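Step one of this worksheet: look at the structure below.
The values are calculated or read from the model by the stated rules, or taken from the named source; none is laboratory data. Note that the coordinates shown come from a computational prediction; the quantities given were computed from them, not determined experimentally. Here the Cβ is made from the backbone with ideal geometry for all residues, glycine too, and neighbour counts use every protein chain on show. To get the accessible areas, we keep the full protein, side chains included, count just its heavy atoms, and leave off ligands, DNA and RNA. Shrake-Rupley method; radii C 1.70, N 1.55, O 1.52, S 1.80 Å.
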Amino acid sequence: MDDVILETALAVPRYARGKVRDMYDLGEHLLIVTTDRISAFDVVLPMGIPAKGRVLNQLSAFWFRRIGHLIPNHLIATDVTAYPAELQNDRELLAGRSMLVHKAERIDAECVVRGYLAGSGWRDYVRTGEVCGHALPPGLQESVELPEPIFTPATKAETGHDENISRAELASSIGTELAAQLEAESIAIYEFGRAEAQKAGLIVADTKFEFGLYEGELMLIDEAFTPDSSRYWDTDVYAPGRPQPSYDKEFVREWLRQSGWNMEPPAPMLPDDIVQKTSEKYLEALHRVTAIPQTH
Ligand SMILES: Nc1ncnc2c1ncn2[C@@H]1O[C@H](COP(=O)(O)OP(=O)(O)OP(=O)(O)O)[C@@H](O)[C@H]1O
Ligand SMILES: [Mg+2]
């Protein structure tokens, strides 16, 4: 089993440190290093999940390559030998868990697309009959497939929880034209990814994209269809009317909920069997997705 990487310190300037990824500034480019950190309920846990960083990085790379015909994205290289000389001493650490990308001017919006009614979308629907301003038919069950995918943006909160906003609110914060463009692109990418995943018996219930501007053009950045950004369900066990098991932090969230933790940092350590089962789930997601044959 690989080492669990929680922190990195490379010989290049740091650009940002997210909950999961460490970003380094290479001038025109960024280096994204995906660690094995895991967050739940917006708090980073004290231990890592073996293989998680590699799985997320490899899934993103797979999807960025697969959706390149739809919209330009930030991926430049994942082959460490193509990285700048200052990084060559860290080749072993970086192999499989990093990517070189274009530095974009981030648009501060979480571009969420939902094809199924789950998570905060389900909770909003139960409370209001709507999800981010989309009125939905009454009487829908949890986890049902929606008549068509809906765009349900959220703010990118500097700290704390991202908040769902209406499309009108997004339009007033970034401009009507850009908001409409983000919506159309997000739905197109989601629909393509969802159809691809279906070939592997997976449902992409919902997903989140981030976009940036690069040389004046819209570019897909961040991550693509990872279990951290998307709800993957197994077609074989899917049944509406209840929450679905998903390829991500389900075991972690469940364990934390029953642990009595108050959801404020610091989070408790997870038991080894939960860590192990979670690691296996991430690896299974990678194997299933990367087995999708290429047909276009
Ligand atoms: N090509 C890019 N250019 C500029 N910024 C990027 C690019 N790709 C990703 N980012 C930003 O880098 C950060 C990646 O870190 P990570 O996703 O681990 O952070 P996070 O804790 O989720 O924080 P955030 O809420 O900001 O996403 C994000 O803030 C993301 O918006
Ligand atoms: Mg993020």
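Once you have a ≥ b ≥ c as the square roots of the Cα gyration tensor eigenvalues for the range 11-50, tell me rounded if a/c is under 1.5, and otherwise prolate or oblate according to whether a/b is larger than b/c.
Prolate shape, in that a/c is at least 1.5 and a/b is the bigger ratio.
Report ³J(HN,Hα) in whole Hz for each residue of the range 108-123, in order, from the Karplus equation J = 6.51 cos²θ - 1.76 cosθ + 1.60 where θ = phi - 60°; Gly and Pro get x.
Those phi angles translate into 7, 8, 8, 9, 9, 10, 10, x, 9, 9, 8, x, 5, x, 4, 5 Hz.
Can you tell me the dipole magnitude for the chain around its Cα centre, using point charges on the Cβ only (Lys, Arg +1; Asp, Glu -1), in Debye to the nearest 20?
Magnitude of the dipole: close to 480 debye.
Using only helices, what value at 222 nm comes out for the chain when you add -39,500 (n - 2.57) per DSSP H run of length 4 or more and divide by the total residues, to the nearest 500 deg cm²/dmol?
So the calculated ellipticity at 222 nm is -9500 deg cm²/dmol.
Taking the Cα centre of the range 106-249 as the origin, how large is its charge dipole in debye, to the nearest 20, when only Lys and Arg (+1) and Asp and Glu (-1) carry charge on their Cβ atoms?
My answer is approximately 500 debye.
Within the range 25-55, find all residues whose amide N lies under 16 Å from a label point positioned 7 Å from the Cα of W261 along Cα-to-beta-carbon.
What the label zone holds, given the 16 Å backbone N cut-off, is 36-50.
Points 7 angstrom from Cα along the Cβ direction at T290 and D25: gap in nanometres?
3.3
Would you tell me the accessible area of V275, worked out with a 1.4 angstrom probe on the heavy atoms of the protein chains, in Å² to the nearest 10?
For V275, the solvent-accessible surface is approximately 20 Å².
Convert each backbone phi in the range 93-98 into a coupling constant with the Karplus relation 6.51 cos²θ - 1.76 cosθ + 1.60 (shift: θ = phi - 60°), then list the ³J(HN,Hα) values in order as whole Hz, x for Gly and Pro.
Result, rounded to whole Hz: 4, 7, 4, x, 10, 9.
Mind pulling the per residue volume of the convex hull built on the Cα atoms of the range 1-70? Å³ is fine.
Cα convex hull per residue, to the nearest whole number: 116 Å³.
Among P227, I274, S186, which residue has its Cα furthest toward the positive end of the charge dipole of the chain, with +1 on Lys/Arg Cβ and -1 on Asp/Glu Cβ?
Ranked along the dipole, the leading option is I274.
With the radius of gyration and the Kirkwood radius both derived from the Cα set of the chain, what is their ratio Rg to Rh?
With Rg and the Kirkwood Rh in hand, the quotient comes to 0.94.
Calculate what fraction, in whole %, of the accessible area of the chain sits on carbon and sulfur atoms when a 1.4 Å probe is rolled over the protein chains.
50
How many lysine pairs are close in the chain, with Cα atoms under 26 Å apart and the two 8 or more places apart or on different chains?
Lysine pairs satisfying the spacing and distance rule in the chain number 27.
Once fully extended, how much extra length lies between T81 and A11, figured as 0.36 nm per residue of separation less the alpha-carbon to alpha-carbon distance?
23.6 nm
Could you give each residue of the range 179-194 its phi-based ³J(HN,Hα) in whole Hz, using Karplus coefficients 6.51, -1.76, 1.60 with θ = phi - 60°, and x for Gly or Pro?
4, 5, 5, 4, 5, 5, 5, 4, 5, 5, 5, 4, 4, 5, x, 5
Output needed: percent of Cα pairs per 10 Å distance bin for the range 106-249, bins running from 0 to the one holding the longest distance.
It works out to 11, 42, 36, 10, 1, in whole percents.
Grab the beta carbon distance between Q181 and V126, set R0 = 41 Å, and tell me the FRET efficiency rounded to 0.05.
0.85
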